[in-house]
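Structure, as structure tokens:
The values are calculated or read from the model by the stated rules, or taken from the named source; none is laboratory data. Computed from a predicted model, the values in this text were never measured in an experiment. Ideal geometry is used to build each Cβ from the backbone, glycine not excepted, and the neighbour counts take in all protein chains shown.
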Amino acid sequence: AAIGVADTIRSLMELGGMTEQEARDCFYLVDSKGLITADRASLPPLKAAYARTDLRSMTDLLEVVTTVRPTALIGLAAVPNAFNKDVVTAMAAATPRPIIFALSNPTSKSELGAQEAYQWTKGKVVYAAGSPYAPVKYKGVTHTIPQGNNLYIFPGLGLGAYLSQATEVSQGMVIAAAQALVSATPAESLAKGDLYPPLNTMREVAAKVAQGVMRQAHEEGLDRMETWPEDLPAYVKGHMWTPSRL
């Protein structure tokens, strides 16, 4: 999963103008044995693609953070409390707005709790969790905790793939879904650290995601639609099921 996340982020960075190598050089992957470096024996090809050639092997996450000075930490290893106070404070000291996504679930496997994230970074953190957390109050400000969950993507991704009769779900279609989600998130929400649209707008979000997926499938020649809808938003919404009491 972690390699897949890295690959998707890298693809987005390339769309922003970076070369593949420039994008890869932004990643420092850490597994159960420490920082993934090229001098490690018997690396699987997926890990080898991100192996560092400029650093020696490090087994301690704190050492990696103090050496690399990252701007973002993404937890996907289901190691509880992997982002401890020393790691988080070291990161917060090196970047003005640390991005920390503790995406493992359930909560017992989370790399960092929401309350600790705000306390240890003195409120500077841009935080998301894979598990649900109650809102956190820090210095009089209440922060709603974004949950990094596929519920924001998969309904629209599936709908778009189905309606376009796509022959496959490509990486480009997944990226289009992510971009549609970003465009559906209000700027005022992002400014407050609310990284995702409100849950009560999920039907509208799913419709926008589906449209983005369909356009991308069409652009890549993966759709099998006989005719392209004149009004795509209306077409998508017309094919969405509305639950009602019988």
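Pairs meeting the criteria (first residue in the range 208-227 and without any contact (Cβ under 8 Å) to a residue 60 or more places away in the chain and outside any helix (DSSP H, G or I), second residue of a type in the set (A, V, I, L, M, F, W, C) and crowded, with 21+ Cβ neighbours inside 10 Å, beta carbons under 6 Å, at least 6 apart or on different chains) are Leu222/Ala166; Asp223/Ala166; Asp223/Ala217.
Counting the residues of the range 136-155 that are surrounded by fewer than 18 Cβ atoms within 10 Å (Cβ to Cβ) and either over 11 Å from the mean Cα position of the chain (by Cα) or of a type in the set (A, V, I, L, M, F, W, C) (or both) gives 9.
Pairs meeting the criteria (first residue in the range 102-117 and crowded, with 24+ Cβ neighbours inside 10 Å, second residue among the acidic types (Asp, Glu), beta carbons under 8 Å, at least 6 apart or on different chains) are Ala102/Glu111.
Here Ala93 meets each of (1) farther than 27 Å from Asn150 by Cα; (2) buried (at least 16 other Cβ atoms within 10 Å of the Cβ); (3) of a type in the set (A, V, I, L, M) with one exception, condition (2). Total residues in the range 106-130 satisfying the condition of being under 15 Å from Leu195 (Cα atoms) and of a type in the set (Gly, Ala, Ser): the figure is 4. Scanning the range 151-165 for residues that are in a helix (DSSP H, G or I), farther than 13 Å from Gln216 by Cβ and in contact (Cβ under 8 Å) with a residue 60 or more places away in the chain yields one hit, Leu159. Annotation note: Cβ proximity below 6 Å between a residue of the range 173-186 that is within 10 Å of Ala210 (Cα to Cα) and a residue that is of a type in the set (D, E, K, R) (sequence gap 6+ or interchain) occurs for Ala180/Lys208.
In the set (1) loosely packed, with under 12 Cβ neighbours inside 10 Å; (2) at pLDDT 95 or above; (3) at positive phi, the condition left unmet by Ser42 is number (2).
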